Every structure is written in structure tokens, then in C-alpha cells.
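Take a look at the structure set out below.
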């Protein structure tokens, strides 16, 4: 693993060129029931019959705006090449860091780069006296679900039809205090 640093304007083009799509062979399937005034929602891990390529649910138009906010926009570098990035913004009303994007280039995945970016963002959040960090991912993004769980994030909710493509978002949180 190379280095992680605060993103510079020159890094943004490289971030935009990273393909954020992924392949998964599992999903979190949601089941909702409403019976006699009791609403229950269950998620279960389901193995797919074959691996599925999934597109990233966000467009990258907001990256420059997020960078301009001057909050937490980090890039991972190997041999002077940007191989990943994480941007997190603050919701001041509840002192929460919100991870907007965490992307690692395909050839560099599963090598600890995402973990280093995430840990750097958590340290930044502590320095900013945030109470917690929240992230979100699609129910289809099983690799990200496992990643956040491995990094001590807990499932804390969902939003049906959250993304433009109508996918369900899962929310994970890690308290910082």
C-alpha cells in the first residue's frame, strides 16, 4: 500500500477515471410484512445463481463540489497513481460524517487500500469531534456490506428506492465516541 493524502484538484480527474462497478455473487434480499399493525422487515443473504456485474449507483458529478467543501476528501496513491478515493462530508446538526464515496480501482481491490482510506477518514472524524460516521451501500453490493462489517460498522437502517435506479440503500454506522 502506498500513501493516503488529502486530495488535490489535480487528483479529481484520476478519481473520475476509476471504474467503480463491481461483481457480486450474493445480495441482501429484503422482505417486508405488515400483519395486524406489526411491520417487520428482514434482510437475508442470498447467493445468486451466477456472479452479477453491478454499476455504481451514483454519478460522479458531485465529486468536485464535495472536494470544494474542504472537508474529508482523501486519495490513495501507489507509484504516483491515484488508485482509490474516499469523500466524506459533515452533517453539523448531528455531528455525523457521511461517507459519500469509497472507491478503489479494480486491479487494487482486496489489498487493504479501502481499509486504509476508511481508517484515515475515521481518524479525521475523531479530530473533527464527530460523534459517528455513516455510510451507505446497495443491497446488491455484498462486497461493500462485508467490508463495512469487517471494519466494525453496524447495520442501522435502510431506504427503499434510495438511488436514482430505485435500488435499496443499506446504512451502516460506526460511533466515534
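The values are calculated or read from the model by the stated rules, or taken from the named source; none is laboratory data. In this text the structure is predicted, and so the values were computed from the model without any measurement. Don't worry about glycine lacking a Cβ; one is built from the backbone with ideal geometry, like all the others, and counts go over all protein chains shown.
Results, tabulated for the structure shown:
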read-out	value
In segment 1-20, residue surrounded by the most Cβ atoms within 10 Å (Cβ to Cβ) [restricted to those that are in contact (Cβ under 8 Å) with a residue 60 or more places away in the chain and not in a loop (DSSP other than H, G, I, E, B)]	15
Residue match in segment 43-66 (condition: within 27 Å of residue 112 (Cβ to Cβ), assigned to a helix (DSSP H, G or I) and modelled with pLDDT under 95)	yes
Residues of segment 156-168 satisfying the condition of being part of a strand (DSSP E or B) and in contact (Cβ under 8 Å) with a residue 40 or more places away in the chain	158
Residues (more than 19 Å from residue 17 (Cα to Cα), assigned to a loop (DSSP other than H, G, I, E, B) and either without any contact (Cβ under 8 Å) to a residue 24 or more places away in the chain or touching a helix residue (DSSP H, G or I) at 6+ places or on another chain (Cβ under 6 Å) (or both)) located in segment 80-103	92, 93
Which numbered condition residue 133 fails, given (1) more than 25 Å from residue 43 (Cα to Cα); (2) touching a residue at least 24 places away in the same chain (Cβ under 8 Å)	(1)
Number of positions in segment 124-168 that are within 13 Å of the chain's Cα centre (by Cα) and on the phi > 0 side of the Ramachandran plot	0
Among residues of segment 35-51, those that are without any contact (Cβ under 8 Å) to a residue 40 or more places away in the chain and either in contact with a helix residue (DSSP H, G or I) (Cβ under 6 Å, 6 or more places away or on another chain) or closer than 21 Å to residue 159 by Cα (or both), counted	8
Number of the exception - residue 61 against (1) farther than 19 Å from residue 136 by Cα; (2) without any contact (Cβ under 8 Å) to a residue 24 or more places away in the chain; (3) within 18 Å of the chain's Cα centre (by Cα)	(1)
Checklist (1) assigned to a loop (DSSP other than H, G, I, E, B); (2) closer than 23 Å to residue 2 by Cβ; (3) without any contact (Cβ under 8 Å) to a residue 60 or more places away in the chain applied to residue 111, failing item	(3)
Single residue of 123, 177 found to be surrounded by fewer than 16 Cβ atoms within 10 Å (Cβ to Cβ) and modelled with pLDDT under 95	177
Residue selected from segment 118-130 under the condition without any contact (Cβ under 8 Å) to a residue 40 or more places away in the chain and part of a helix (DSSP H, G or I), by the criterion farthest from residue 51 (Cα to Cα)	127
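Yes/no per residue for (1) more than 28 Å from residue 46 (Cβ to Cβ); (2) at pLDDT 95 or above:
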position: 69; (1), (2): yes, no
position: 73; (1), (2): yes, yes
position: 76; (1), (2): yes, yes
position: 101; (1), (2): no, yes
position: 109; (1), (2): no, yes
position: 119; (1), (2): yes, yes
position: 149; (1), (2): no, yes
position: 156; (1), (2): no, yes
position: 161; (1), (2): no, no
